[in-house]
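Okay, structure first, notes after.
The values are calculated or read from the model by the stated rules, or taken from the named source; none is laboratory data. Everything quoted here is computed from the prediction, not taken from an experiment. With ideal geometry, Cβ positions are generated from the backbone for all residues, glycine too; neighbour counts draw on all protein chains shown.
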Amino acid sequence: MTAPTHRYLSLGAGVQSSTVLLLAVRGEIPTFDAAIFADTGWEPTPVYAHLRRLERLAARAGIPVVRVSAGNIRHDALDPAHRFASMPLFTLGPDGERGMARRQCTSEYKIKPIKAEVRRRLGYPHPARVPSGLVAQMAIGISLDEIGRARDADVAYMRNVFPLLDFGWRREDCLAYLTEHGLADTPRSACVGCPYRIDTEWARLRRDDPHGWADAVAFDAAIRHGSARANAAGQPLRGQFFLHRQRIPLDQVTLRTTPETRADVPGCGPWTCPHPVESDVAAATMGREVA
Ligand code: SF4
């Protein structure tokens, strides 16, 4: 039996990481021991369908797609018994102050379970100390247009590599490659109710996935006065949470769509989540919910 090489892919199932997987499947880059997908439990239906397609493709090349999870982000946010890992929700204070909740969800639901899986595969699950010198290579799908997001791993047992940067590929190159190989409809990967969606994406969700849209509208209403846990603990939010940046209920927003340019809209990968809008970050966040 071949010894494990500890080469993994962080598979977000969006455009860039799907491209990296396909490159490995086609032998254009070295293979992986596994492609690891962190499931928040709240991806849109087309993302799960695409993931099943990737699983079949990868299996043909002997690459297992491993799903890991730290729970269901939607259920957990509405569960009074569960800690609320804050999503980047838009906030409106009692005096009209506009802010944004700090984002903890990517770390909690994506990065942590991937690191746990890597440790497990190395043979040193938390809290065991990983011996120095034992290092897993983690391929991350960052293209040239997102080069600012490429970072070294923050743990000694992982070394991040960026195959798309080595190729000098931009997101458009990834889309062209996916199209050439029959995956032109690779969806954008992000939670159904992610506040980082732009209007065009909200409109696409409403048009293509009515169930997902209704789900997001219901979640938006349910989260309005803070997390279930904080309210149950008698710590109500001083203000309101919203999924949409206009800070009005999602089903009342007039969505301003622009021509669909998928090349401009990255999804939320574990290490490539979009950054919040500067003006929103600059504004104060509110209450214990967002501390
Ligand atoms: S897609 Fe949005 S809500 Fe989901 S983990 Fe990423 S930032 Fe959080």
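Assorted remarks:
- Filtered residues of segment 92-147 (kept if surrounded by fewer than 19 Cβ atoms within 10 Å (Cβ to Cβ), within 19 Å of residue 34 (Cα to Cα) and out of contact with any strand residue (DSSP E or B) (no Cβ under 8 Å at 6 or more places or on another chain)): 112, 120, 123, 124, 125, 134
- Taking the criterion of being under 16 Å from residue 81 (Cβ atoms), touching a helix residue (DSSP H, G or I) at 6+ places or on another chain (Cβ under 7 Å) and at pLDDT 85 or above, the only residue of segment 229-253 that qualifies is 230.
- Test result for residue 192, closer than 28 Å to residue 257 by Cα and assigned to a loop (DSSP other than H, G, I, E, B): yes
- Among residues of segment 204-221 being modelled with pLDDT of 95 or more and among the hydrophobic types (A, V, I, L, M, F, W, C), the one that is nearest to the chain's Cα centre (by Cα) is 216.
- Single match in 62, 12, 27 (criterion: closer than 22 Å to residue 181 by Cβ and in contact with a Cys (Cβ under 8 Å, 6 or more places away or on another chain)): 12
- Scanning segment 24-45 for residues that are within 13 Å of the chain's Cα centre (by Cα) and among the hydrophobic types (A, V, I, L, M, F, W, C) returns 36, 37, 38, 42.
- Among the numbered conditions (1) free of Cβ contacts under 8 Å to residues at least 12 places away in the same chain; (2) under 18 Å from the mean Cα position of the chain (by Cα), the only one that residue 189 does not meet is (1).
- For the criterion of being in contact (Cβ under 8 Å) with a residue 12 or more places away in the chain, surrounded by fewer than 16 Cβ atoms within 10 Å (Cβ to Cβ), out of contact with any Leu (no Cβ under 9 Å at 6 or more places or on another chain) and more than 24 Å from residue 46 (Cβ to Cβ), residue 252 fails.
- Every listed requirement among (1) part of a helix (DSSP H, G or I); (2) acidic (Asp, Glu); (3) over 17 Å from residue 251 (Cβ atoms) is met by residue 220 save one, (3).
- Selection within segment 46-104: residues that are part of a helix (DSSP H, G or I), touching a residue at least 40 places away in the same chain (Cβ under 8 Å) and more than 16 Å from the ligand (Cβ to nearest atom). The member of this set that is nearest to the chain's Cα centre (by Cα) is 54.
- Selection count where residues are loosely packed, with under 12 Cβ neighbours inside 10 Å and over 22 Å from residue 54 (Cβ atoms), scope segment 152-184: 3
- Restricting attention to segment 134-159, the residues that are more than 13 Å from residue 17 (Cβ to Cβ), in a strand (DSSP E or B) and in contact (Cβ under 8 Å) with a residue 60 or more places away in the chain add up to 2.
- Tally, over segment 188-227, of residues that are crowded, with 22+ Cβ neighbours inside 10 Å, away from the ligand (no atom under 13 Å from the Cβ) and within 18 Å of residue 72 (Cβ to Cβ): 1
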